[in-house]
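Asks: Could you have a look at this structure, given as structure tokens, before my questions?
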Amino acid sequence: MLNIILFGPPGSGKGTQSDLIIEKFGLTHISTGNILREEVKNETELGLLAKDIMSRGELVSDEIMIGMIKNKLQELGDVKGVIFDGFPRTKPQAEALDNLLKEYNTEISVLISLEVPEDELMIRLLNRAKLEGRSDDNEDTIKNRIQEYKNKTAAVADYYEEKGKLKTIHGVGSIDEIFTQISEILS
Ligand code: ADP
């Protein structure tokens, strides 16, 4: 199996690149942000709990997120591989993911980190706010999301670097240019 973590700060282009990777490599997408937004929309118990946390730009608890991934993996069936988008976002989530994948006799193949400067992230997310109206794309919440990324999430790249699985990409340029670099890594 080809199991990828698509990694980077909010606004780095994970969602956009995921769609292209799925199409070319036939992988299955697991986006924890999309799953959470669906739960919020359907006003499930989890959605009601996550709504305020997300609107503040904070992270939902590891316990909840790990449980969510465990369920998703159980539902997967026979797939070529998975793109994890937005997960793991903390070191405990990364450790839990590695342990879960072991139960399926598979592992993370590579973590691809999209590097984008902070001022560019802010511009992209404020622009997305106008286009899509996502409730967490406002200036205060974006600042918090970037802070959470630095404080808790950046360590995930170090964790996989120690395992020799980190690949870094400069995430500024055209969508195609960036996708070409990702494709070279995956091919
Ligand atoms: P972003 O564009 O900020 O990368 P996502 O769509 O991946 O956004 O996630 C949106 C929000 O959902 C996050 O700010 C966070 O509150 C919550 N979330 C998503 N994935 C996780 C996770 N793995 N751990 C904790 N919280 C998460």
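Laboratory data are not the source of any read-out in this text; all were calculated from the coordinates shown. Computed from a prediction, not measured in an experiment: that's the story for all the values here. Heads up, the Cβs are rebuilt from the backbone with ideal geometry, glycines too, and the neighbour counts pull from every protein chain shown.
Asks: Note down the nm distance, to one decimal, between modelled labels 7 Å out along Cα→Cβ at Asp52 and at Glu177.
Replies: Those two pseudo-labels are separated by 4.4 nm.
Asks: Sticking with the crude label model, points 7 Å out along Cα→Cβ, report the distance from Glu115 to Ile64 in nm, one decimal please.
Replies: 3.3
Asks: In whole angstrom, note down how far apart the Cα centers of segment 115-187 and segment 52-113 are.
Replies: 17
Asks: What lysines sit close enough to Lys102 to cross-link, taking a C-alpha to C-alpha distance under 21 Å and skipping anything fewer than 8 places away on the same chain?
Replies: Lys70, Lys72, Lys80, Lys91, Lys163, Lys165
Asks: Could you tell me whether segment 46-187 comes out rounded, prolate or oblate from its Cα gyration tensor? Rule is a ≥ b ≥ c as square roots of the eigenvalues, rounded for a/c under 1.5, then prolate if a/b exceeds b/c, otherwise oblate.
Replies: It comes out oblate by the Cα gyration axes.
Asks: Contour minus end-to-end for Ile22 and Arg134, with contour as 0.36 nm per residue of separation and end-to-end as the Cα-Cα distance?
Replies: Difference between extended and current length: 38.0 nm.
Asks: Between the DSSP loop rule and a limit of at most 13 other Cβ atoms within 10 Å, which GluC sites (Glu not before Pro) in segment 1-79 are left?
Replies: Those that pass, being in a loop and sparsely packed, are Glu43.
Asks: Turning to a different aspect of this structure: Whole-Hz ³J(HN,Hα) for each residue in segment 84-91, computed from phi via Karplus 6.51 cos²θ - 1.76 cosθ + 1.60 with θ = phi - 60°, x for glycine and proline: what do you get?
Replies: So the Karplus estimates, Gly and Pro as x, are 8, 10, x, 8, x, 10, 9, 4 Hz.
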